[in-house]
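K.L.:
There's a structure below that I have some questions on.
The values are calculated or read from the model by the stated rules, or taken from the named source; none is laboratory data. The structure displayed is predicted, hence computed values, not measured ones. Here the Cβ positions follow ideal geometry from the backbone for every residue, glycine too, while neighbour counts run over all protein chains shown.
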């Protein structure tokens, strides 16, 4: 019976069928048996063996070898040898053809599971399609496996439509299972590895869930600038954006031309060494005084020339810096930076559109970005709500986290199983706990009390009023004491930004953090200072330029309103739901100090 036409929906912009629509079904694809489909993917593993097909004439000994060792057949074809199908002699003198069959496990990244493809050597030289990392596009029929074990179906290949070969000597991901440390060295190939692909799908799921949550709750998504001329924190380490260094190329070219015409200082230094050696020689040989005096005078002149050249070089360097660092002639006519946070700009939209959020990259030139949980470039979800106070922002942040964890459990069950097996066998229970229990809420003062009671020499830093909680403090509260995310609020004024609303006691501010197991700070939020006099005073106290923040103060001058917001660290969220410890393993192309090569 001829195979029936496919009822599997293929991609709108490609004639192939995604593997998830086959192997991701509840029945494992059994209900699609008999369907003809085109699938594509990359080979994850392979096995092959020889199978007899049909009787033919006698064969030669070389053909027997070619039938048993496929690569010999390929070599023979390249050298112009026989192109006939390999055959071997059966019992009684009868001969039969031998077809080699390969079982390829291919994956297209749409799901964790792979599809087994059965391909005969008559379709394509097997030695060209069986290496891990090879890409294939195959047309065939889905069939049930007679004695299923791990999988219930396979694809019986009828046509090999495309093969993307690979270099088996240089391909770094030949092994079927690789450690995160190994794969981290090849970020451009990391999505080919099971864990890299899984993290990409998880990020996609959380990204979609983020938009679903906010769009369903009346928020508008807005885009905020990446280039800014100001910072939300006085201590922020920012990357500068400038075109002034482009002038350095022209200056260097001019200097190279002038250097060829001028005396080189290195030549003078070499001459000084030679003259010094000559003087020592004259002293040892008791030469006449006139020769020695002449040599000493030459040496003195050489030293004076070297000093002049060094002063000239220093002057030239200062001149170059003066030419370069005139920011009034820069692209933006002032200093500009990559944004460390979009929250100040986001406030302006909240105070017009009421409830807004943005999702984008932020940048920080922290000298400690080599740490396992730090990046120079990372993504954040930033939220701003008008007519909202601190508690409203805390409620929104908690609901958002619960929703994201619930959607992840719902949409990525296979990826969660993979993470449980490979990384953290507690990640499923941790996520279910987040979804089912309210987050404890404690003040900063109460957090210090918990830490002091537990201390007894346990922490490197003492828990005293006014300190920023250290990573070990956060870990104790979230991982040990509460064993779930905890909200800490009412922080000392000195350790929070200038725009956070000051309490009546003038000591604390309306700020909160959500501390989560394994990752520490997951969310930072606050009620913003809407009172013009208060925020002006805070700006003066922090030493920030009032002129730069005039536009920000306008929000308070014209129709001010109580408003709140928060920022969710997206990479920390991915680490939290997966259990992965190193932030470099949860972002496609990590940017850290000394590392931005790919």
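K.L.:
Return the residue satisfying two criteria in turn: it lies in region 168-182 and is without any contact (Cβ under 8 Å) to a residue 60 or more places away in the chain and under 17 Å from the mean Cα position of the chain (by Cα), and of such residues it is surrounded by the most Cβ atoms within 10 Å (Cβ to Cβ).
P.N.:
182
K.L.:
Give region 399-429 a look and list any residue that's within 25 Å of residue 473 (Cα to Cα) and either more than 25 Å from the chain's Cα centre (by Cα) or outside any helix (DSSP H, G or I) (or both), or say none. Can you show your working first?
P.N.:
Initial filter on region 399-429 (within 25 Å of residue 473 (Cα to Cα)): 399-402, 405, 423-429.
Passing the criteria: 399, 423, 424, 425, 426, 429.
K.L.:
Just a yes or no: is a residue in region 209-221 at positive phi and modelled with pLDDT of 90 or more?
P.N.:
Checked region 209-221: at least one residue is at positive phi and modelled with pLDDT of 90 or more.
K.L.:
Then there's this: Would you confirm whether any residue within region 32-44 is surrounded by 12 or more Cβ atoms within 10 Å (Cβ to Cβ), at pLDDT below 60 and more than 37 Å from the chain's Cα centre (by Cα)? Talk me through it step by step, then tell me what you get.
P.N.:
Step one: list which residues in region 32-44 are surrounded by 12 or more Cβ atoms within 10 Å (Cβ to Cβ), which gives 32-44.
Next cut, at pLDDT below 60 only: none.
Within region 32-44 (the criterion being surrounded by 12 or more Cβ atoms within 10 Å (Cβ to Cβ), at pLDDT below 60 and more than 37 Å from the chain's Cα centre (by Cα)), the answer is no, since none of the residues qualifies.
K.L.:
Taking region 133-153 as the region of interest, how many residues are within 27 Å of residue 27 (Cα to Cα) and in a loop (DSSP other than H, G, I, E, B)?
P.N.:
Going through region 133-153, the residues within 27 Å of residue 27 (Cα to Cα) turn out to be 135-153.
With the extra rule that they be in a loop (DSSP other than H, G, I, E, B), the set shrinks to 145-152.
Residues meeting the conditions: 8.
K.L.:
Turning to a different aspect of this structure: When you scan region 478-500, how many residues do you find that are surrounded by fewer than 22 Cβ atoms within 10 Å (Cβ to Cβ) and more than 29 Å from residue 231 (Cα to Cα)?
P.N.:
6
K.L.:
Next question. Of the conditions (1) surrounded by 20 or more Cβ atoms within 10 Å (Cβ to Cβ); (2) closer than 30 Å to residue 405 by Cβ, residue 555 clears all except one; give me its number.
P.N.:
Among (1) surrounded by 20 or more Cβ atoms within 10 Å (Cβ to Cβ); (2) closer than 30 Å to residue 405 by Cβ, the lone unmet condition for residue 555 is (2).
K.L.:
Look through 213, 239 and report the one residue that is surrounded by 13 or more Cβ atoms within 10 Å (Cβ to Cβ), in contact (Cβ under 8 Å) with a residue 12 or more places away in the chain and within 30 Å of residue 386 (Cβ to Cβ).
P.N.:
The unique qualifying residue is 213.
K.L.:
Test of understanding: among 120, 158, which residue is buried (at least 16 other Cβ atoms within 10 Å of the Cβ) and over 13 Å from residue 19 (Cα atoms)?
P.N.:
120
K.L.:
Quick check: anything in region 188-199 farther than 23 Å from residue 116 by Cβ, crowded, with 16+ Cβ neighbours inside 10 Å and at pLDDT 95 or above?
P.N.:
yes
K.L.:
Now a separate question. Suppose we filter 432, 453, 458 for residues that are loosely packed, with under 15 Cβ neighbours inside 10 Å and assigned to a loop (DSSP other than H, G, I, E, B); which single one remains? Break it down into steps so the answer makes sense when it comes.
P.N.:
Details: 432 fails: assigned to a loop (DSSP other than H, G, I, E, B); 453 fails: assigned to a loop (DSSP other than H, G, I, E, B).
Exactly one residue qualifies, and that residue is 458.
K.L.:
Answer yes or no as to whether residue 361 is in contact (Cβ under 8 Å) with a residue 12 or more places away in the chain, within 18 Å of residue 210 (Cα to Cα), surrounded by fewer than 17 Cβ atoms within 10 Å (Cβ to Cβ) and in contact with a strand residue (DSSP E or B) (Cβ under 6 Å, 6 or more places away or on another chain).
P.N.:
Criteria met by residue 361.
K.L.:
So which of 409, 418 is in contact (Cβ under 8 Å) with a residue 60 or more places away in the chain and either touching a strand residue (DSSP E or B) at 6+ places or on another chain (Cβ under 6 Å) or surrounded by fewer than 22 Cβ atoms within 10 Å (Cβ to Cβ) (or both)?
P.N.:
418
Residue by residue, here is whether (1) part of a strand (DSSP E or B); (2) buried (at least 20 other Cβ atoms within 10 Å of the Cβ); (3) free of Cβ contacts under 8 Å to residues at least 60 places away in the same chain holds:
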| residue | (1), (2), (3) |
| --- | --- |
| 510 | yes, yes, no |
| 514 | yes, yes, no |
| 518 | no, yes, no |
| 521 | yes, no, yes |
| 530 | no, no, yes |
| 535 | no, yes, yes |
| 541 | no, no, yes |
| 544 | no, no, no |
| 549 | no, no, no |
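K.L.:
Is it the case that some residue within region 123-132 is part of a strand (DSSP E or B) and either at pLDDT 90 or above or surrounded by 15 or more Cβ atoms within 10 Å (Cβ to Cβ) (or both)?
P.N.:
Among the residues of region 123-132, not one is part of a strand (DSSP E or B) and either at pLDDT 90 or above or surrounded by 15 or more Cβ atoms within 10 Å (Cβ to Cβ) (or both), which makes the answer no.
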